[in-house]
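What follows is a set of notes on a single structure, which appears directly below.
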Amino acid sequence: MASLIAPDNHVPSEDAEALYKACNGWGTNEKAIISILGHRNAAQRKQIRLAYSELFQEDLVKRLESELNGDFEKAVYRWVLDPEDRDAVLANVAIRKSGDYHVIVEIACVLSSEELLAVRRAYHARYKHSLEEDLAAHTTGDIRKLLVGLVTAFRYEGDEINTRLTNSEADILHDAIKDKAFNHEDVIRILTTRSKAQLMATFNRYRDDHGSSITKDLLDEPADEFKTVLRTAIRCLNDHKKYYEKILRNAIKKVGTDEDALTRVIVTRAEKDLNDIKEIYYKRNSVPLDQAVAKDTSGDYKAFLLALLGKEE
C-alpha cells in the first residue's frame with residue numbers, strides 16, 4: 001500500500017503557477033513546494049511539469065534544482081522525475097560509484113518485468129547507451145555476469161510454479177553454497193531467469209529441506225563482493241519489503257544518518273508499498289518510521305519526507 005496522499009482532482013496549471021510563484025519571490029517558498037509536490041502522484045507530477053513548461057517556457061526540474069539545495073533538493077529532484085527516469089538516474093549514479101551495486105540489484109530485482117524494461121528505455125533516452133552496456137563496462141568477471149543477467153531479465157510474472165524444478169533447484173543452490181561454488185553458472189542462471197514466484201518457492205523449499213534459509217547460509221560464509229551482491233539479489237527477489245525495512249533501519253541507526261538510502265527508499269516506495277514497509281519497521285523497532293525519520297532529519301528535507309510518508313509535521 002502506498003503512503004502518498006494525493007488529491008483526486010487537481011488542476012495542473014494552477015499547481016504550475018503556484019510553483020512558479022514559490023520560486024520567484026523574495027527567497028524560495030519551500031513550504032509551498034512541499035505542499036504541492038509532496039501530495040501529487042507520478043501522473044499528476046508529469047502534468048504539472050508539462051503545464052509549467054507550456055506556461056513559463058522553462059524546465060521545472062531544472063528550476064527546482066537551481067532553487068533548492070542539499071538533501072531536500074536531491075529528494076525533490078528524484079521525486080519530480082517520472083519513476084522510470086528516476087531509476088535510470090539512480091542506476092547511472094550507482095554505476096559511476098564503483099562497487100555500489102545494491103541500487104542496481106534493487107532496480108533489477110524489485111521492479112516488475114515491464115517496469116524494468118521501462119527503466120532500460122529511459123536509460124537509453126537519457127544517456128545514449130544501454131544500461132547493460134554501461135554496467136558491463138564498469139564491472140568484471142562473475143559480478144558482471146550476475147548483474148548484467150539481472151538487469152536484462154524479463155521474468156514471467158504469473159503465479160504458476162513448477163514443483164519439480166523447485167525441488168531440484170533448491171538442491172542445486174544448497175550444493176553450490178556447501179561447496180563454496182557461489183559463482184556456479186547454475187546459481188546465476190536460476191537467479192537471473194526464474195520468475196519471482198518460482199524463486200520464492202525454491203527458497204522456501206531450501207529452508208524446509210536444509211533447516212536454514214539461503215540468506216543465512218550465505219551470511220555464515222566469509223563476506224566478499226560477489227556474495228554480498230548475491231545475497232542482496234536473493235533478499236530483493238524473496239521479500240523486498242523486509243529488505244527495504246532493513247535499509248531504512250541501517251540508514252537511521254548509522255552514526256550520521258545515511259540520507260541517500262533514506263531518500264531512495266522513501267521516494268521510490270511512497271507510491272508503491274511504503275505503508276507495508278512502515279508496518280514492518282514498527283514491528284521490528286517498536287517506533288513508527290515517521291517518528292524515527294522526524295528525529296533524524298530536519299528542516300525542509302524532514303517536512304518533505306514526512307509528506308511522502310503520509311504524515312504532516
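Name the residue, out of Thr257, Thr297, that is under 23 Å from Val76 (Cα atoms), of a type in the set (Ser, Thr, Tyr) and open to solvent by less than 20 Å² (accessible area, probe 1.4 Å).
Thr297 is the lone residue from the list that is under 23 Å from Val76 (Cα atoms), of a type in the set (Ser, Thr, Tyr) and open to solvent by less than 20 Å² (accessible area, probe 1.4 Å).
Quick check on the range 36-67: of everything there that is in contact (Cβ under 8 Å) with a residue 40 or more places away in the chain and open to solvent by 10 Å² or more (accessible area, probe 1.4 Å), which residue is farthest from Lys128 (Cα to Cα)?
Checked the range 36-67; the qualifying residue farthest from Lys128 (Cα to Cα) is His39.
Just to be sure I understand, how many residues within the range 277-294 are more than 19 Å from the chain's Cα centre (by Cα), within 22 Å of Val110 (Cβ to Cβ) and open to solvent by 50 Å² or more (accessible area, probe 1.4 Å)?
3
Inside the range 99-115, can you point out the residues that are among the β-branched types (Val, Ile, Thr) and under 18 Å from Glu157 (Cβ atoms)?
Correct list: Ile107, Val110.
Here's a check for you: in the range 103-128, which residue that is outside any helix (DSSP H, G or I) and either at pLDDT below 95 or not hydroxyl-bearing (Ser, Thr, Tyr) (or both) is surrounded by the most Cβ atoms within 10 Å (Cβ to Cβ)?
My answer is Leu111.
Can you list residue pairs whose Cβ atoms sit under 6 Å apart, with the first residue in the range 203-226 being over 21 Å from Tyr101 (Cβ atoms) and without any contact (Cβ under 8 Å) to a residue 24 or more places away in the chain and the second being open to solvent by 100 Å² or more (accessible area, probe 1.4 Å) and outside any loop (DSSP other than H, G, I, E, B)? Count only pairs 6 or more apart in sequence or on different chains.
Hits for this filter: Ser213/Arg207.
Which pairs have Cβ atoms under 9 Å, sit 6 or more apart or on different chains, and link a residue in the range 3-22 that is within 19 Å of Phe304 (Cα to Cα) to one that is aromatic (Phe, Trp, Tyr) and assigned to a helix (DSSP H, G or I)?
Cβ pairs passing all conditions: Asp15/Tyr52; Ala16/Tyr52; Ala16/Phe56; Leu19/Tyr52; Tyr20/Tyr52; Tyr20/Phe56.
Which members of the range 289-313 meet the condition of being of a type in the set (Asp, Glu), over 17 Å from Glu271 (Cα atoms) and part of a helix (DSSP H, G or I)?
Within the range 289-313, Asp296, Asp300 meet the criteria.
Could you go through the range 226-233 and let me know if any residue there is surrounded by fewer than 20 Cβ atoms within 10 Å (Cβ to Cβ) and not in a helix (DSSP H, G or I).
Within the range 226-233, not a single residue is surrounded by fewer than 20 Cβ atoms within 10 Å (Cβ to Cβ) and not in a helix (DSSP H, G or I).
Among the numbered criteria (1) open to solvent by 30 Å² or more (accessible area, probe 1.4 Å); (2) in a loop (DSSP other than H, G, I, E, B), which single criterion is violated by Ser3?
Condition not satisfied by Ser3: (1).
What residue, of Leu262, Leu237, is open to solvent by less than 60 Å² (accessible area, probe 1.4 Å), aliphatic (A, V, I, L, M), under 20 Å from Val148 (Cα atoms) and at pLDDT 95 or above?
Within the list Leu262, Leu237, the selection yields Leu237.
The values are calculated or read from the model by the stated rules, or taken from the named source; none is laboratory data. Just so it is clear, the structure is predicted and the values come from calculations on it, not from any experiment. Note: ideal-geometry Cβ built from the backbone for every residue, glycine included; neighbour counts use all protein chains shown. Surface areas here come from the heavy atoms of the whole protein model, side chains and all, with no ligands, DNA or RNA. Shrake-Rupley method; radii C 1.70, N 1.55, O 1.52, S 1.80 Å.
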